[in-house]
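Asks: Take this structure first; my questions come after.
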Number of protein chains: 2
Amino acid sequence: MTTVRGARARARIEITAAIKDEARTQLAAEGAAKLSLRAVARELGMVSSALYRYFPSRDDLLTALIVDAYDSVGAAAEQAAAAAEQERPLDRWTAVCRAVRAWAVAHPHEYALIYGSPVPGYTAPQDTIVPASRVGLVLIDIARRAHTGEGVALPPLPDDLRPEAVRISADIAPDLPPALAVALVAAWSQLFGLVSFEVFGQFHRVVEDRDTFFATAARRLGQDVGLLPRG
Amino acid sequence: MTTVRGARARARIEITAAIKDEARTQLAAEGAAKLSLRAVARELGMVSSALYRYFPSRDDLLTALIVDAYDSVGAAAEQAAAAAEQERPLDRWTAVCRAVRAWAVAHPHEYALIYGSPVPGYTAPQDTIVPASRVGLVLIDIARRAHTGEGVALPPLPDDLRPEAVRISADIAPDLPPALAVALVAAWSQLFGLVSFEVFGQFHRVVEDRDTFFATAARRLGQDVGLLPRG
DNA sequence: TCACAAGCAAGAGCGGTGCTCTCGTTTCAT
DNA sequence: ATGAAACGAGAGCACCGCTCTTGCTTGTGA
């Protein structure tokens, strides 16, 4: 069995969670740059060296927070998709986009952790790869159901992009046409361009009514992947 | 006259430049997080406290680097636009996009400084606002010349977005129709979504032939702001 | 059951950081 | 020429990530 063996193991789980919680609090308050292991330990009433029993280094703590953040935004996207189950593909698409944006606005520092400049080294740890794909999978699924349902309308693929489009399609969604796969990847990154500019303040004194602006932009993004505007 | 008054003022300019150069070197080598004032001073053969005569704090040094980076990518965009002077608007658009991407790939850490997570506090210093708009101005100018020339083709503006579109248009380009202004802002942010995902590694094991992928995506972005594909 | 290994908290300490303050010295303007 | 401003050097403060050692506690296998 994989049940908790005893008080020791249970305590370890609880303390690990408490460390991550406190770290998230400091992250939200001051940002990733000022997140300090010593301050976390201090706040938890333990000495800093004790914290290294749970996370081998500061970067490992950050990696754990990154994984959690990916899972959190991924769950938000999945939940939005499920809630819009009965709606038309384009409406489900925008619902998911808005959920991602809402999560980002609510957790700006966690968003910065996963979609801002890579903070630790330069290569993402292996643990983060799967959680990082959850939002993308939701978007792919919406497109897939539109494709097998009422169909999608896409412009033709340029000749020089066809080999790469075939490769991308094989990698992320072998059942979808290459033109759709490549449009999805582009829309995926452009969605986070919209969100990043809002969260990182590039829209300051440019866009005011960001809700409405984003809703329209997200809808056009959905049309760019071929989702049809109306019956 | 504003000429240099003496050896002292000349030395100050040179030392300030040397500090920024060395800081940029360390930035390119290790990233913004590991940029250390002491290390910069050490490398320049001066003591760390002397460096504070030139930059009041580490954040001020970073701000100076941010301004320079904005100017650098802005100059690259303007240069690309000038080089494509005679081409059709859509081709000039993609030329500018490719120049921005090329700059970002060549200077990933400087790119991260300006389009990644805000590193110092949360509000951008006043000095950065004007340089930050240079790329945007280039894109606006391309659209303006297309608009007053062969025209642009844009989908209708949703009713609920019209007030905000009018506001944006008045802010950034009063001579352009609101629908065009709002499309420009969206495309602007989406362009940096594409670039950020590539520079920050989100395309790892997803997109391989990034040159071709980006070229097509940038071209479609140009069409999204109404630039016409062919005569 | 009990000894032993593993897990754990605590403390001291190392090298590094941003930043401040003081103290002579050099440069410039009056 | 003299006084003010700018400057470089050094010491020092508080904090950081991280390591090592020292005892104590917990769980386990003989």
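Asks: If a residue has to be in a loop (DSSP other than H, G, I, E, B) and modelled with pLDDT under 95 to count, how many in the range B:121-145 make the cut? I'd like the intermediate steps shown before the answer.
Replies: Going residue by residue through the range B:121-145, those that are in a loop (DSSP other than H, G, I, E, B) are B:121-125, B:133.
Okay, now just the ones that are also modelled with pLDDT under 95, so B:121-125.
Counting residues in the range B:121-145 that are in a loop (DSSP other than H, G, I, E, B) and modelled with pLDDT under 95 gives 5.
Asks: Scan the range A:153-176 for residues that are open to solvent by 20 Å² or more (accessible area, probe 1.4 Å) and among the hydrophobic types (A, V, I, L, M, F, W, C) and jot them down.
Replies: Here is the first cut: in the range A:153-176, the residues open to solvent by 20 Å² or more (accessible area, probe 1.4 Å) are A:153-160, A:162-163, A:166-167, A:170-172, A:174-175.
Selection gives A:A153, A:L154, A:L157, A:V166, A:A170, A:I172.
Asks: Identify, from the list B:E150, B:E198, the residue that is assigned to a loop (DSSP other than H, G, I, E, B) and either open to solvent by 40 Å² or more (accessible area, probe 1.4 Å) or touching a Lys or Arg at 6+ places or on another chain (Cβ under 9 Å) (or both).
Replies: Criteria check complete, one pass: B:E150.
Asks: Taking B:V105 as the residue in question, decide whether it is more than 16 Å from DNA strand C (Cβ to nearest atom), within 14 Å of chain A (Cβ to nearest Cβ) and more than 17 Å from B:L137 (Cα to Cα).
Replies: Working: more than 16 Å from DNA strand C (Cβ to nearest atom): yes; within 14 Å of chain A (Cβ to nearest Cβ): yes; more than 17 Å from B:L137 (Cα to Cα): yes.
Here the answer is yes, as B:V105 does meet what is asked.
Asks: List the helices (runs of 4 or more DSSP H) that sit entirely inside the range B:16-120 and contain at least 1 residues that are surrounded by fewer than 21 Cβ atoms within 10 Å (Cβ to Cβ) and not assigned by TED's automatic domain parsing to the domain that holds B:R220. Outline the logic, then answer.
Replies: Numbers: elements: B:37-43, B:48-51, B:58-83, B:89-106, B:108-115.
Once the helices (runs of 4 or more DSSP H) in the range B:16-120 are filtered for at least 1 residues that are surrounded by fewer than 21 Cβ atoms within 10 Å (Cβ to Cβ) and not assigned by TED's automatic domain parsing to the domain that holds B:R220, what remains is B:37-43, B:48-51, B:58-83.
Asks: Please go through the range B:177-189 and give me each residue that is within 7 Å of chain A (Cβ to nearest Cβ) and open to solvent by 10 Å² or more (accessible area, probe 1.4 Å), ordered by number.
Replies: Once the filter is applied, which keeps residues that are within 7 Å of chain A (Cβ to nearest Cβ) and open to solvent by 10 Å² or more (accessible area, probe 1.4 Å), the range B:177-189 yields only B:A186.
Asks: Hey, does the range B:201-210 have a residue that's touching a residue at least 24 places away in the same chain (Cβ under 8 Å) and closer than 21 Å to B:V96 by Cβ?
Replies: The initial filter retains those residues of the range B:201-210 that are touching a residue at least 24 places away in the same chain (Cβ under 8 Å), namely none.
No, because not a single residue in the range B:201-210 is touching a residue at least 24 places away in the same chain (Cβ under 8 Å) and closer than 21 Å to B:V96 by Cβ.
Asks: Oh, and also: Where the second residue is in a helix (DSSP H, G or I) and within 9 Å of DNA strand D (Cβ to nearest atom) and the first is within 14 Å of chain B (Cβ to nearest Cβ) and lies in the range A:48-64, which pairs have Cβ atoms under 7 Å and are six or more apart or on separate chains?
Replies: Note: pairs meeting the criteria are A:R58/A:L37.
The values are calculated or read from the model by the stated rules, or taken from the named source; none is laboratory data. As the structure is a prediction and not an experimental result, all values here were calculated from the model. Neighbour counts are summed over all protein chains in view; Cβ atoms, including those assigned to glycine, are modelled from backbone coordinates with ideal geometry. Keep in mind that these areas ignore ligands, DNA and RNA; they rest on the heavy atoms of the full protein, side chains included. Shrake-Rupley method; radii C 1.70, N 1.55, O 1.52, S 1.80 Å.
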